[in-house]
Structure formats: C-alpha cells, structure tokens
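Novice: A single structure is presented below for examination.
The values are calculated or read from the model by the stated rules, or taken from the named source; none is laboratory data. In this text the structure is predicted, and so the values were computed from the model without any measurement. Cβ sites come from the backbone with ideal geometry, for glycine too, and all protein chains shown count toward neighbours. With ligands, DNA and RNA removed, areas are computed over all heavy atoms of the protein, side chains included. Shrake-Rupley method; radii C 1.70, N 1.55, O 1.52, S 1.80 Å.
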Amino acid sequence: MKKEVKVPSVGESISNGTIVSWIKHNGDTVKEGENLFELETDKAVLEIPSPGSGTLEILVNEGEEVKIGQTVASLSSEEKSKSTEEAPKPVKEIKKEKTEEKEEKAEPQIAQPTEKAEPVAQQTIPTQLEEAEKKPHAEERRSERVPMSAIRKRTAERLVKAMQNSAYITTFNEIDMQKVIDIRNQYKESFEKEHGIKIGFMSFFVKACVQSLKEFPSVNTQIDGSDIIYNYSYDIGIAVSIEEGLIVPVIRDADKLHFAEVEKKIADFAKRAGEKKILPDELSGGTFTITNGGIFGSLFSTPIPAFPQTAILGMHVIKNRPTVVDDKVTICPMMFAALSYDHRVIDGRDAVRFLARIKEYIEEPDKLLLEL
C-alpha cells in the first residue's frame, strides 16, 4: 500500500511554492507528523509534516516549483526485505580503489637531470618579488550565482512597486527610554511570574502606535486606485528577519490585547519563524508595521512601508547620549525613531505629530497605561 504525499494548502492566496529541501531522504522510514520537506512560498518558508507512516519515495527534486495539491512523494507501508548480500559500491568508490591499486603497483620514479648543474657559487638566489611572481595567487577572486528565494523575490517586487508608485518621506524624532527602562526593571520579575513572559520594549511601542493611530487615522490607511481606505482595526505587523528574507507577521486587533498578550504574540512569532511554522495567512492584512533595526545595532534608518500600507515605524538601538533635561545636561538612554510615510495620503503635519505622540507615550508611559 502506498500513500501519496501532496503539497498541502497553506493559505488562501497561495497556489504554488518551491521545495527548498527534503528533511527526510529517499528510502527513510518516517512516522506520521515528522517533518518531510521545506516548502517556500512568496510569503513564508514552512516545514511540511508527513501525512502518514512508511518508507519514503521522493518524486520531486529539491529546487523544483510545485502546485498546491501536487503529489511530491509516496509512503510505502511494506517493509523492505533485508538482503545479506553486500550492496554494490558506488561508481566513484570503484574508480577510487582502482586508482589506488595502480598507485601501489607503480614504482617510484626519480627525475634525472638533463643538464649539468651549475656550481653553487654561480647560482642566483631569487628575490622575494620574483618568488611572488612564480607562486599562484593565494586568494583568487571568486563569485557564486544563487537564485533569489521566493520570499526575497516577492519582497523585492513589493519594495520596487512601493517606491515607483508612492511618494515616501521620513521624519525623525528621538525618545528618552529611561522611564520605560525603569518600569521594566521594577516589574520584570513580578510580570514574568504573573504572565509567564518577559516584558520587552516592543509591547510599549505597539500600544503607543495603536493609541496614536486612533488619534491620527490617516496614518492607518491604504490606497486603492484613487480611493483612500481608512482602517479602524489595528492589525500591527512586526518585521522579523529570517535567513530567506524578511517576513512581517501580524498581531490582529492589537488594541484589544494586554501588554502580556502582545509580548506572547511577539515571542510566538519569533519562535515559529525560526521553526518555519508561520502560516502565510498570518503575514497578510496588516494596517501598520513596526520594524526594530536596533536589535542589529542600527542607529538610524529610513524604512519602507509594507505595500499597500502607507506608513511604518522604525525603532533603533538605545544609546546613552548627553541630553538637556530641565535646563541641565544629563546622560540619558536615547533612541532615534523614524516614521516613513506616503505623502500622497499623510500630510507632513500629521506625520510629525503622530511620531511626537509616540514619543510622548513612551516618555510618559503612565498615559499609555491609562490610555490617555
């Protein structure tokens, strides 16, 4: 009996993908639920589990494009008979053995000089530059051609489309992170004990963005032809970097979530992104995006909104800098924040005020907690 292994449906908008690699190999015995292969779509890389148990027979090679529902392998439930005969050796090994035999039989040969050697006194010692010319270059220039992953290709297409069809501008501000740091230090143990998750900076920014989007609805928009779509739901995308490219899983209805619930969502996204288990449907439908280049040490950047969204907030690394507080120069933990926005929809005045409101919420987190 053989069971077909088909490419499962992984999202409403996904019709095809590419088999990046087979986790199990041809002839392996697999159990139901074990991961068989990695499927890359234009939105995510997923590990596909086995629909049953048996001996695997692979029908589609790595790197080939497949359609949803296509049979890519089969599982045989019949046990293979064990043969006591020695398995035939690969052609490469046979050639290697023959070569070794020839080398053993061949007698060592000593090169005989054909010309009379010069006296030692007449021989010239080559200079270091002459020696360098005789030696081959130790470090040769090399290059490698690698096809783009589907995710990176799709991301590139969206970015190019966004830049060609939008009028992006970036406004900046700097935020004093001291009070948020104090809150985290003061409540981190009790917060983790109560909710089973550590409190990070991202949940503060998610809540600050939600409150600010309510006040400035033009920032929570999309353009559809000559129409502007105002979104009154707050689905916040969180940019996550993976080996294959950049993905943006979405926190649905972020305005209805507690800080701990936001932190759990972010931690879950990070974990499943590493395990390649984020579904494509979780990567669509965002209304606003936050990206944190600070985790890689970025001090300053101009992020591009995730098309068709019209704005994105960029967080950056926190650095101690001299800052004037109450007419006194004080060393404070400061972060540069950037808001890139589509000027066709969002006026500069609203963009600047939106970012200033986020700064206010982070520097005065009591207002954020009380939703003032």
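Novice: Which of the residues that make up region 346-357 are open to solvent by less than 20 Å² (accessible area, probe 1.4 Å) and β-branched (Val, Ile, Thr)?
Specialist: Result: 346, single match.
Novice: Which of the residues spanning region 45-54 are within 22 Å of the chain's Cα centre (by Cα) and either part of a loop (DSSP other than H, G, I, E, B) or touching a residue at least 60 places away in the same chain (Cβ under 8 Å) (or both)?
Specialist: Across region 45-54, the qualifying residues are 45, 46, 47.
Novice: Something else: For region 147-168: of the residues being outside any helix (DSSP H, G or I) and open to solvent by 100 Å² or more (accessible area, probe 1.4 Å), which is farthest from residue 247 (Cα to Cα)?
Specialist: 147
Novice: Hey, another quick one. If the Cβ limit is 7 Å and pairs must be 6+ apart or interchain, which residue in region 4-28 that is closer than 11 Å to residue 68 by Cα pairs with which residue that is open to solvent by less than 30 Å² (accessible area, probe 1.4 Å) and of a type in the set (Asp, Glu)?
Specialist: Final answer for the pair search is 17/40; 18/40.
Novice: With the requirement that a residue be over 30 Å from residue 237 (Cβ atoms) and in contact with a Lys or Arg (Cβ under 7 Å, 6 or more places away or on another chain), what does region 1-33 give you?
Specialist: Hit for region 1-33 is 30, nothing else.
Novice: Going by what's in this entry, would residue 69 be described as assigned to a loop (DSSP other than H, G, I, E, B), of a type outside the set (A, V, I, L, M) and under 25 Å from the mean Cα position of the chain (by Cα)?
Specialist: In short, no.
Novice: Do we have any residue at all in region 200-223 that's assigned to a loop (DSSP other than H, G, I, E, B), modelled with pLDDT under 95 and over 24 Å from residue 167 (Cβ atoms)?
Specialist: Scanning region 200-223 turns up at least one residue that is assigned to a loop (DSSP other than H, G, I, E, B), modelled with pLDDT under 95 and over 24 Å from residue 167 (Cβ atoms).
Novice: Residue by residue through region 281-291, note down the ones that are at pLDDT below 95 and open to solvent by less than 20 Å² (accessible area, probe 1.4 Å).
Specialist: Of everything in region 281-291, just one residue is at pLDDT below 95 and open to solvent by less than 20 Å² (accessible area, probe 1.4 Å), namely 286.
Novice: Considering only residues of region 253-285 that are assigned to a loop (DSSP other than H, G, I, E, B) and charged (D, E, K, R), which is nearest to residue 11 (Cα to Cα)?
Specialist: 277
Novice: Considering only region 15-24, I want to know if a residue exists there that is in a strand (DSSP E or B), among the charged types (D, E, K, R) and crowded, with 16+ Cβ neighbours inside 10 Å.
Specialist: So far as region 15-24 goes, no, none of its residues is in a strand (DSSP E or B), among the charged types (D, E, K, R) and crowded, with 16+ Cβ neighbours inside 10 Å.
Novice: Being in a strand (DSSP E or B) and farther than 13 Å from residue 75 by Cα narrows it down to one residue among 38, 57; which is it?
Specialist: Being in a strand (DSSP E or B) and farther than 13 Å from residue 75 by Cα holds for just one of 38, 57, which is 38.
Novice: Could you please find all residues in region 292-336 being over 23 Å from residue 179 (Cα atoms) and open to solvent by less than 80 Å² (accessible area, probe 1.4 Å)?
Specialist: Result: 301, 303, 304, 305, 306, 307, 308, 309, 310, 311, 312.
Novice: Given the options 96, 80, name the one that is at pLDDT below 90, touching a strand residue (DSSP E or B) at 6+ places or on another chain (Cβ under 9 Å) and either open to solvent by 20 Å² or more (accessible area, probe 1.4 Å) or in a helix (DSSP H, G or I) (or both).
Specialist: So the residue among 96, 80 that is at pLDDT below 90, touching a strand residue (DSSP E or B) at 6+ places or on another chain (Cβ under 9 Å) and either open to solvent by 20 Å² or more (accessible area, probe 1.4 Å) or in a helix (DSSP H, G or I) (or both) is 80.
Novice: Return the total of residues in region 294-337 being under 23 Å from residue 283 (Cβ atoms) and not in a loop (DSSP other than H, G, I, E, B).
Specialist: 9
Novice: Still on this structure: Could you identify the single residue in 270, 337, 260 that is closer than 30 Å to residue 37 by Cα, among the small types (Gly, Ala, Ser) and under 25 Å from the mean Cα position of the chain (by Cα)?
Specialist: Matching residue, one of 270, 337, 260: 270.
Novice: Let me ask another. Would you be able to say whether some residue in region 42-56 is acidic (Asp, Glu), modelled with pLDDT under 90 and in contact with a Ser or Thr (Cβ under 6 Å, 6 or more places away or on another chain)?
Specialist: no
Novice: Related question: Restricting to region 179-204, name every residue that is loosely packed, with under 15 Cβ neighbours inside 10 Å and in contact with a strand residue (DSSP E or B) (Cβ under 9 Å, 6 or more places away or on another chain).
Specialist: Of everything in region 179-204, just one residue is loosely packed, with under 15 Cβ neighbours inside 10 Å and in contact with a strand residue (DSSP E or B) (Cβ under 9 Å, 6 or more places away or on another chain), namely 181.
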